Amino acid sequence: MIRGIRGAITVTKNDADEMIAKTKILLDEMIKKNNIEAENVAQVLISVTDDLDAVFPAKAMRLLEGWTYVPVMCMREVPVVNSLEKCIRVMMTVETEKKQNEIEHVYLEGAKVLRPDLFSQQ
């Protein structure tokens with residue numbers, strides 16, 4: 001079955017090193033919690049809020065061993081008024097035997113406010 005796995009994390013400033021480090025933390029946690037193997041990943045979409053433009057956060061995925069051939073794309077998040085700032089969001093499309101309610105979406109740091117209903121399960 002093909003499933004989507006969501007994740008998000010915030011950074012403190014528009015800094016390339018911090019954005020890559022925090023994105024890697026998020027990806028590592030998504031992979032660990034859902035037992036993901038790169039071979040089973042169809043694609044990874046990464047969005048950033050308008051206040052983040054120091055680096056493509058997809059560079060963090062290239063630090064993961066074995067993830068060289070996984071397609072990844074970065075984009076801008078819709079700039080909704082009063083939305084969470086300095087946020088990096090990930091949508092990973094994977095092949096898994098898990099049921100939809102067994103997928104562990106990951107929301108870290110300030111991004112916990114995006115889906116408190118899911119965060120309470122972690």
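We did not get these values from a lab; they are worked out from the coordinates using the rules stated. Every value quoted in this text rests on a predicted model; they were computed, and no experiment measured them. Quick reminder, even Gly has a Cβ in these numbers, built from the backbone with ideal geometry, and neighbours come from all protein chains shown.
May I ask what percent, to the nearest 5, of DSSP beta bridges between residues of the chain are antiparallel? Walk me through the intermediate numbers first.
Details: 16 of 23 bridges.
If I count the DSSP bridges inside the chain, around 70 percent turn out antiparallel.
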Furthest towards positive pole of dipole, GLY4, GLN100, LEU45, structure part the chain, Cβ charges: GLN100
Selection of GluC sites (Glu not before Pro), the stretch 84-121, meeting DSSP coil and at most 13 other Cβ within 10 Å: GLU85, GLU97
Using distinct alpha-carbon pairs, which all enter the 1/r mean, Kirkwood radius of the chain in Å: 14.5
Inter-centroid distance (Cα atoms) of the stretch 51-122 relative to the stretch 1-50, Å: 4
The stretch 71-115: trypsin sites (Lys or Arg not before Pro) falling in loop per DSSP and having at most 12 other Cβ within 10 Å: LYS99
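Dipole size in debye (nearest 20) for the chain around its Cα centre, Lys and Arg Cβ +1, Asp and Glu Cβ -1? Walk me through the intermediate numbers first.
Details: 16 positive and 19 negative charges, 34 e Å.
Taking the Cα centre of the chain as origin, the dipole is about 160 debye.
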Longest to shortest principal axis, alpha-carbon extents of the stretch 71-122, angstrom: 37, 31, 16
In the stretch 1-51, GluC sites (Glu not before Pro) in a DSSP loop with at most 13 other beta-carbon atoms within 10 Å: GLU37
